[in-house]
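Student: Below is one structure. I have some questions about it.
Just so you know, all these numbers are worked out from the coordinates, no wet-lab data involved. Fair warning: this is a prediction, and the values are worked out from it, not measured in the lab. Every residue, glycine among them, receives a Cβ derived from its backbone with ideal geometry; neighbour counts consider all protein chains shown.
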């Protein structure tokens with residue numbers, strides 16, 4: 001297999017099913033999918049069984065008991081379950097365009113990680129996306145989206161059909177080439193070198209800290225914000241915790257100050 005797609009999820013089977021449909025029609029299909037499930041109920045398990053029977057996707061469901069927001073731990077468990085040497089990370093609320101995997105493989109380089117973004121959709125449009133809209137790629141078409149209420153914005157250029165515009169926008173964007181958990185990839189060997197994600201971190205910058213340690217290792221970030229396209233489905237974020245965010249900010253400060261490469265509470269402590 002050329003890649004392992006690691007998808008984080010928690011009690012969002014409807015959104016996750018749409019994401020998996022997007023992966024079922026990729027232009028490259030030589031990959032596995034690892035579901036990093038942070039304690040969902042059996043509803044997610046049943047949906048995965050259903051979609052596995054309806055598609056050719058090779059899906060491994062990595063689950064642990066619900067104990068609050070433990071995304072970093074379940075991501076580490078998912079990493080250990082991968083069978084390829086290249087890992088692409090995304091979330092269970094981001095539908096990939098059909099060239100998503102091909103794009104990550106095309107731009108991967110030795111000693112590098114790829115930094116992508118997403119195109120955020122409002123809840124009204126997120127709810128209206130059906131199977132046929134994913135299979136026909138209509139949910140990536142500006143005309144289709146505007147007919148369903150998408151507001152005019154410069155951000156809409158991300159979905160432009162031009163082959164030249166993405167290259168231009170990637171060169172002009174001021175957005176930092178950070179590790180974004182919804183759309184990022186790197187070599188498994190590099191992940192092992194930094195001992196994976198920091199298990200002490202909850203929501204708020206945990207992905208960025210992971211990327212900052214990769215940079216401290218000497219891994220070069222590469223911008224693919226306008227190449228690797230996925231649409232983000234809106235949802236509530238009841239897991240936001242200000243104290244956890246403050247703790248994460250302190251961990252990130254120390255990671256930068258001390259140029260930390262290997263977390264002490266990562267893959268090796270599971």
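Student: Would you look at the GNM of the chain, springs on alpha carbons closer than 10 Å, and say which of 40, 153, 112 moves the most?
Tutor: Residue with maximal mean-square fluctuation among 40, 153, 112: 153.
Student: Find the relative contact order for the chain and round it to a whole percent, using C-alpha pairs within less than 8 Å whose residues are 6+ positions apart.
Tutor: Contact order relative to length: 25 percent.
Student: Also, I was wondering about something else. Just to be sure I understand the model, the point goes 7 Å from the Cα along the line to the Cβ. What's the resulting residue 249 to residue 58 distance in nm?
Tutor: That separation, rounded to one decimal, is 4.4 nm.
Student: With contacts defined as alpha carbon pairs under 8 Å and 6 or more residues apart, what's the relative contact order of region 110-168 in percent? Can you show the working numbers first?
Tutor: On the way: 20 pairs, mean separation 17.9, N = 59.
Reported relative contact order: 30 percent.
Student: Another question about this same structure. Kindly put 60, 27, 72, 174 in sequence by how many other C-beta atoms sit within 10 Å of each C-beta, fewest to most.
Tutor: Listed from fewest to most nearby Cβ atoms, that is 174, 27, 60, 72.
Student: Sticking with this structure for a sec: How much length, in nm to one decimal, is gained on full extension between residue 155 and residue 107, taken as 0.36 nm per residue of separation minus their Cα-Cα distance?
Tutor: The span from residue 155 to residue 107 would gain 15.0 nm if fully extended.
Student: Over what distance in Å are the Cα centres of region 199-222 and region 45-118 separated?
Tutor: Rounded to whole Å, the Cα centres lie 17 Å apart.
Student: Over region 18-123, what relative contact order in percent results from Cα pairs under 8 Å that are six or more residues apart?
Tutor: 37
Student: A further question on this structure: Rounded to the nearest 500 deg cm²/dmol, what is the calculated helix-only ellipticity per residue at 222 nm for the chain, with -39500 (n - 2.57) per DSSP H run of length n ≥ 4? Please list the in-between numbers first.
Tutor: Details: 11 runs with 102 residues, N = 270.
That comes out to -11000 deg cm²/dmol.
Student: Test of understanding: ordering 261, 7 by Cβ neighbours within 10 Å, fewest first, what list do you get?
Tutor: Ascending number of Cβ neighbours within 10 Å: 261, 7.
Student: Of 17, 193, 32, which has the largest mean-square fluctuation in a 10 Å C-alpha GNM of the chain?
Tutor: Result for the chain, Cα springs under 10 Å: 193 fluctuates most.
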